[in-house]
Amino acid sequence: RAVHEELGRSVALKIVAFPMADAVPRFQSEARTIAGLNHPHIVQIFETGEYQKRPYLVLELMKGGSLADVLQDEVLTPQRAAEIVLQITSAVSAAHKLGVIHRDLKPANVLMDEAGDAKLCDFGLARNLNVDSQTISGTMLGTPGFMSPEQTTGDTPTPAMDVYGLGAILY
């Protein structure tokens with residue numbers, strides 16, 4: 001959490017904890033991906049930059065925490081769980097229409113606003129099928145408990161991988 005002085009509002013600041021050789025291109029790729037996805041259920045990006053050789057992203061602050069946090073405190077009714085997954089599904093569908101596969105759908109990457117609406121975040125592992133990949137072919141990326149079987153073997157990303165992740169979140 002930070003205050004963007006020029007914009008005069010609270011924002012979320014995502015920064016690499018320590019300098020890494022491939023961090024700058026990965027953060028730039030994530031920033032371009034998020035900027036290209038204008039959807040009410042995708043966290044907005046406001047700015048990107050670098051501080052002491054560490055890249056950062058300035059993002060919309062979601063004050064309701066993550067879905068993972070919510071699930072630790074309460075059990076959702078089936079209707080409420082379906083409402084949240086429907087919101088995220090609309091974001092994933094919009095991303096897929098633009099050739100973007102998220103590849104890391106999980107409750108920790110679903111953020112909640114104060115009204116209880118869900119927004120998808122963390123496109124750090126996303127693959128834009130319209131852009132050359134920085135990932136070595138066959139590399140397994142994602143969170144094992146939410147990954148499709150095809151994703152665990154490093155197969156070429158497809159929308160079906162995200163559909164599996166959505167199902168795992170609903171479950």
Anything in segment 75-118 that is in contact (Cβ under 8 Å) with a residue 60 or more places away in the chain and of a type in the set (Asp, Glu)? List them, or say none. Asp104, Asp117
Conditions first: (1) at pLDDT 95 or above; (2) farther than 27 Å from Ala2 by Cβ; (3) open to solvent by less than 80 Å² (accessible area, probe 1.4 Å). Thr135 passes all but one, so which condition is the exception? (1)
Can you pull out every residue in segment 138-163 that is modelled with pLDDT of 90 or more and surrounded by 18 or more Cβ atoms within 10 Å (Cβ to Cβ)? Met161, Asp162
Name the pairs whose Cβ atoms lie under 6 Å apart, with the first residue in segment 9-24 and of a type in the set (Gly, Ala, Ser), the second open to solvent by 80 Å² or more (accessible area, probe 1.4 Å), and 6 or more positions between them or separate chains? Ser10/Val3
Taking strands (runs of 3 or more DSSP E) that do not extend beyond segment 1-117, which have at least 3 residues that are buried (at least 20 other Cβ atoms within 10 Å of the Cβ), of a type outside the set (Phe, Trp, Tyr) and at negative phi? 54-60
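The values are calculated or read from the model by the stated rules, or taken from the named source; none is laboratory data. Here the structure is a predicted model, which means the values were calculated and not measured. Methodologically, a virtual Cβ is constructed for each residue, glycine included, from the backbone with ideal geometry; neighbour enumeration extends over all protein chains shown. Just so you know, the surface numbers come from the protein's heavy atoms only, side chains and all, with ligands and any DNA or RNA stripped out. Shrake-Rupley method; radii C 1.70, N 1.55, O 1.52, S 1.80 Å.
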